[in-house]
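Heads up, the thing below is written out as structure tokens.
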Amino acid sequence: MSIPTVSRLVVDADGRPIPQAWNPRIAAYEALGGDESTLFAAPRWTRFTDSTILLGAGAIFVGAIRAARAHHGRIIVRAFASHAGTLEIQQSRDGVTWRVAVGHSVTVAAGETRQLSADVVADNWRVRYVNGATAQTEFELISAVGGA
């Protein structure tokens, strides 16, 4: 009976272990990485600039529909506007009917930057911003989706 050889952990230049997984095909540890179909040791975030186009009085911006992936656990949205409005995170199981959960909407005061976050619970998500009664002179809406 042979005794299996012990494989060493993969380490960085300072000798500290890095995120890795056992690969039985080569009987060794390998650094984690790859595309969305693989496991990740650290949260992976994807960032979007949803809009910087100024909204008129009472105008509504509805962001692109984005599919949630297996490694997406959280959505974060940040808005800055020169004039008051309302920021929402919407989610949908079918891409047709959109819901805003309690706490997933926030009023943005004039000249204020507000951030909002939500757990991913549906197959699709998007951001929505409803401008108040005054046309904007500055606007920025960005979002990110990724690890919990």
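Every number in this text was worked out from the coordinates using simple rules, so none of it is lab data. Keep in mind that what you see is a predicted model, and the values were worked out from it rather than measured. Because the Cβ atoms are built from the backbone with ideal geometry, glycine has one as well, and the counts that use them run over all protein chains shown.
What percent does the relative contact order of the chain come to when contacts are Cα pairs within less than 8 Å and at least six residues apart?
Relative contact order here is 32 percent.
Output the Kirkwood hydrodynamic radius of the chain, Cα pairs only, in Å rounded to one decimal.
The Cα-based Kirkwood calculation yields 17.9 Å.
Using the Karplus curve 6.51 cos²θ - 1.76 cosθ + 1.60 with θ = phi - 60°, work out ³J(HN,Hα) for each residue of segment 48-58 in order, rounded to whole Hz, and write x for Gly and Pro.
So the Karplus estimates, Gly and Pro as x, are 9, 9, 6, 6, 10, 7, 5, 9, x, 4, x Hz.
Would you list Asp123, Asp50, Asp14 from fewest to most Cβ contacts within 10 Å?
Asp14, Asp123, Asp50
Loop only per DSSP, at most 15 neighbouring Cβ atoms within 10 Å: give me the trypsin sites (Lys or Arg not before Pro) in segment 52-148, ordered by residue number.
In loop regions of segment 52-148 (DSSP not H, G, I, E or B), the sparsely surrounded trypsin sites (Lys or Arg not before Pro) are Arg69, Arg93.
Can you list the HN-Hα couplings for segment 128-136, worked out from phi with the Karplus curve (6.51, -1.76, 1.60; θ = phi - 60°), rounded to whole Hz and with x for Gly and Pro?
Karplus-based 3J(HN,Hα) across segment 128-136 equals 9, 10, 10, 6, x, 7, 10, 4, 7 Hz.
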